[in-house]
Amino acid sequence: MCILNSGKRSIASALLILMLGACGGDSSSSSAAVLPNSAASNRASADAEKWNGSLEQLLTPERAGRSTGRAAAADQVERDGRALSYRWDSARTRTLEISGFSMEVPVPDEVELGRFSAMSLQTFQAAYRTPTQEELAQAREAVRKRMEEAGVSAEVGGAMFEVAAGGAQYAVVEDLGDAAAWNPADNNLAVLIDGLKFELKLDVGEPTRNREGAISLAREILTAL
């Protein structure tokens, strides 16, 4: 079994979301699928750029610790262009299978905020949902072609898609922003408010705490926007 590069996994996941959004929307009005009008789109895009550059104001060490139940400072803080994460060492591990060999790797407690972007309610509801088998088949073929154009082998491209498709399991979260969806497969919460989408990941090893902690943190962040 090969270990997929995280950047390529992200590409496959992004393509899958785009394909599902296209399946759920009106293809005759692709520009409207982003936001209803250019003024709203420009405002949301500006807000997304602002908050992607100011994630530390939203996910403070205090909020990160409170959401994960960790009082001590994080063992690792990581910031890239569109995400900020705090990680704490834990006793948890998971098994990786590599070329027939098994190895145990540590799994930290983690909270992450990022990926602000402009998005319409229609696109959000179409993309952040569990796809049908027919939609997965269509998306699988579309991703295969994109990966082929990018010079990625069919084997690796197919494996990347299955990783992305396996994580496309969303449940609607009521009374949070304009729309919200929780993905228990990767402990990811997507939230939409006023044409602005952001995502939270929270993993402390307990499904109920993961979901409730992410929702509680999202409410704090919505208040701070």
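Brief remarks on what is shown
- Close Cβ contacts (under 9 Å, 6 or more residues apart or on different chains) running from residues in the stretch 138-154 that are in a helix (DSSP H, G or I) to residues that are modelled with pLDDT of 80 or more comprise Ala154/Glu148.
- Leading residue by the ranking (farthest from the chain's Cα centre (by Cα)) among those in the stretch 60-102 that are of a type in the set (Phe, Trp, Tyr) and within 20 Å of Ala214 (Cβ to Cβ): Trp88
- Among the residues of the stretch 104-127, those identified as in contact with a Ser or Thr (Cβ under 7 Å, 6 or more places away or on another chain) and assigned to a strand (DSSP E or B) are Glu104, Val105, Pro106, Asp109, Glu110, Val111, Glu112, Ala118.
- Residue satisfying all of: in the stretch 108-145; more than 30 Å from Thr68 (Cβ to Cβ) and among the small types (Gly, Ala, Ser); surrounded by the most Cβ atoms within 10 Å (Cβ to Cβ) among these: Ala139
- Test: residue in the stretch 184-198 that is in a helix (DSSP H, G or I) and among the β-branched types (Val, Ile, Thr): no
- Checked against (1) in a helix (DSSP H, G or I); (2) at pLDDT below 95; (3) closer than 25 Å to Gln57 by Cα, Gly213 passes all but condition (2).
- Subset of the stretch 146-172 [surrounded by 19 or more Cβ atoms within 10 Å (Cβ to Cβ), modelled with pLDDT of 75 or more and either of a type in the set (Asp, Glu) or within 30 Å of Leu225 (Cα to Cα) (or both)]: Tyr170
- All positions within the stretch 188-212 that are in contact (Cβ under 8 Å) with a residue 40 or more places away in the chain, touching an Asp or Glu at 6+ places or on another chain (Cβ under 9 Å) and within 17 Å of Ala64 (Cβ to Cβ): Glu199, Leu200, Lys201, Leu202, Asp203, Val204, Gly205
- Filter result (surrounded by fewer than 18 Cβ atoms within 10 Å (Cβ to Cβ) and under 17 Å from the mean Cα position of the chain (by Cα)) within the stretch 179-211: Pro184, Ala185, Asp186, Pro207
- Screening Ser67 on (1) part of a helix (DSSP H, G or I); (2) out of contact with any helix residue (DSSP H, G or I) (no Cβ under 6 Å at 6 or more places or on another chain); (3) within 24 Å of Thr223 (Cα to Cα) shows it passes everything except condition (2).
- Residues within the stretch 70-99 that are modelled with pLDDT under 90, in a loop (DSSP other than H, G, I, E, B) and aliphatic (A, V, I, L, M), tallied: 2
The values are calculated or read from the model by the stated rules, or taken from the named source; none is laboratory data. This is a predicted model, so every value here is computed, not measured. Quick reminder, even Gly has a Cβ in these numbers, built from the backbone with ideal geometry, and neighbours come from all protein chains shown.
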